[in-house]
Amino acid sequence: MGPYQYRPLDETRGELHLLRLQPASWGEGIKLHIHHVPLCDSLKVGPMPTALTRVLETLPPGWTVYETLEGHYLFENTLNDCCSWTHPDDSIPRGTYTRSRNNVNLEHAFEALSYTWGNDTETTPIHIVDVALGTIGDLLVRPNLATALQHLRYTDRERVLWIDAICIDQSNLQERGRQVKRMDQIYRFAKQVNVWLGPESKEEDSRRAMEMLGYIGAQVEYSKDQSYLEAPSAKEKGWFRPDVEIPLTDQEATAIRHLLERPWFSRLWITQEAQLANELARLYCGRDSISWYHFRRAVLALDVKQSLNALLPLPLLAKVSNLVFYNRSTPSLKMLWATRRAQCFDSRDRIYAVLGLLEPRFSMLVNPDYNITPAATYQRACQTWLEAYDRLSFLEFCDMPKGGCNGPSWVPDWSKALPREPMTFGRFASGQSCAGGARIIDDQILEVIGVHCGAISWVEESEQREGHGTWEYWRRISKELIRFDEKFDESSDAQLDAFVATLCGNRVREMYPSHIYWPTVSQCRRTLESADGGGLRRTETGFDAFQSSVQDFTHGRRLFKSQDYIGFGSQSIARGKMRLVENN
């Protein structure tokens, strides 16, 4: 039998390849039927419920309402924290506050698979039949996909699937680019997304991990405004509260850690695939499965706990919680930064793999093209950003070390991770102004108009820091800066407040009232002033948040001073350089 030959898709009909996984017993060869269907006919959107504010007006005293991550309304009795999916007033029609599921066209209904491609040193042949032509051919797939198909296959009926490695002709770069552009539609329109984490591991006790995550998730609800609530059917009262610990044994915590460390959670493409999936999505680990609905709530519940078992590292939980909690209002550049450590084989996918999560104003103008280099991909992205927004926000990423991308200096090399969070993510006014007349000359030179604000007179010698800087170090620096200029001759609380707020990147409770574990500016100031910890003690919650914020924000940056201002800049900043602000 020869290799399978793809039949071209009809782009005018919006076609995609779908697979019918043929039923068989365990261990038998994998056989797929492939056919073409128009994606646009796969789904019809159901009616939307009444707006949350309107529903709130119908509630009796002592009740409030939240919207869950999936768009469902959850009613809470504020007197006893009890929750219900049913409006407390029986006279309110259920249809006014219940979200209808989208109606899937059964003729073209399909499930999408999210998985890791894995090792390419070994391959397994699968038989593919083109239904329209009646032709048969073999296609080589990697072991992880072959194993997934064995586990997902039914014994008595077909299963209709969309799988990127098979449903996109990977050798056809034009088709690959067009289908990547539609990935967000594919995962949104799938009747169910199946996440394949890999085979069961008795050594890592993956079955117990799946059981515990499913059970924890069934006790908790989570709203779009990041409120933790008790699930209406919860058996464990209080587990939703951030200050109530979940009694995990060492064995259970270790099993969960092993599961969350699986390669799927580190892959770049899964960010889009998982976050666009509907509430019917399921996670599979061998023959065990739990709903994505419960999994995401379990992760969010574990992440908020302040005294977790040491066997469940907070950085690991934070990484996975960022994956399961998707805010549709996340700015595009922040999404590119948030996925900086996720892994991908093709560095062009730093842009393409998250297109479905980026702002449509930008993403609609991006056309994936695998015929151009990564450097050209990033340059096009910057040009598109400038065209869409007339802003130069992408320049904040240009402090990354250049790798194999030999583009202009104003084009970030997104194949390298930015070692620090950009300043432009909502905490500072600088960098938010319009580009005002910026233009690109000969595809190489970025010309901008700016205002001269002064020259840099002092720059921190960052190599003098110990690690990320100690409290004693920043305390000494603050005193030096306050004496540098007549403006700071008489130190005031307001001046020191401004310094400590800048030091931690404005991650203070005054800026973000909902972050109850962040310190106030006053607490930060007292911590910096007192060598003996007179502000926040190390045992207090806010101390860790302040210390972490200072380390994160100052890492990779240097403190500088001009005649009238102090601030943080890139590592390349130098004394005598001019400071410019974009002209509006």
Local net charge near residue 251, Cβ-Cβ under 15 Å (Lys/Arg +1, Asp/Glu -1): -2
Quick one: 3J(HN,Hα) in Hz for segment 235-241, Karplus 6.51/-1.76/1.60 with θ = phi - 60°, rounded, Gly and Pro as x. 9, 9, 6, x, 4, 6, 6
How many angstrom lie between the C-alpha centres of segment 114-129 and segment 8-42? 16 Å
Listed pairs 224/319; 191/235; 334/479; 181/334; 235/305 exceeding 23 Å between Cα atoms: 191/235; 334/479
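Could you compute the net charge surrounding residue 319? Neighbours are other residues with a C-beta less than 13 Å from the C-beta of residue 319; K and R count +1, D and E count -1. Kindly include the intermediate steps, with their values, before the conclusion.
Details: positive: 257, 262, 267, 340, 341; negative: 261, 303.
For residues surrounding residue 319, the net value is +3.
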Applying the Karplus parametrisation 6.51 cos²θ - 1.76 cosθ + 1.60 with θ = phi - 60° to the phi angles of segment 356-373, what ³J(HN,Hα) value in whole Hz is obtained for each residue in order, glycine and proline being reported as x? x, 9, 8, 4, x, 4, 9, 5, 5, 8, 8, 10, x, 9, 8, 8, 10, 6
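Highest mean first, what order results for 500-507, 439-446, 333-340 on Cβ atoms within 10 Å? All intermediate terms of the calculation are to be shown ahead of the outcome.
On the way: 500-507: 20.9, 439-446: 11.5, 333-340: 19.1.
Going by the mean number of other Cβ atoms within 10 Å, highest first, we get 500-507, 333-340, 439-446.
Starting with the highest mean, order 52-62, 264-274 by the number of other Cβ atoms within 10 Å, averaged over the residues of each peptide. Before the final figure, lay out each step's value.
Numbers: 52-62: 12.1, 264-274: 20.7.
Highest mean packing first, the order is 264-274, 52-62.
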Between residue 230 and residues 5 or more places away or on another chain, the pairs with built amide H atoms under 5 Å apart involve 221
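If packing is taken as the mean number of other Cβ atoms within 10 Å per residue, what is the order of 174-186, 511-523, highest first? Intermediate values should be presented prior to the final figure.
Numbers: 174-186: 18.8, 511-523: 15.5.
Packing proxy ranking, top to bottom: 174-186, 511-523.
Bear in mind that the values in this text are calculations on the coordinates, not laboratory data. Quick caveat: nothing in here was measured; it's all calculated off a predicted structure. Quick reminder, even Gly has a Cβ in these numbers, built from the backbone with ideal geometry, and neighbours come from all protein chains shown.
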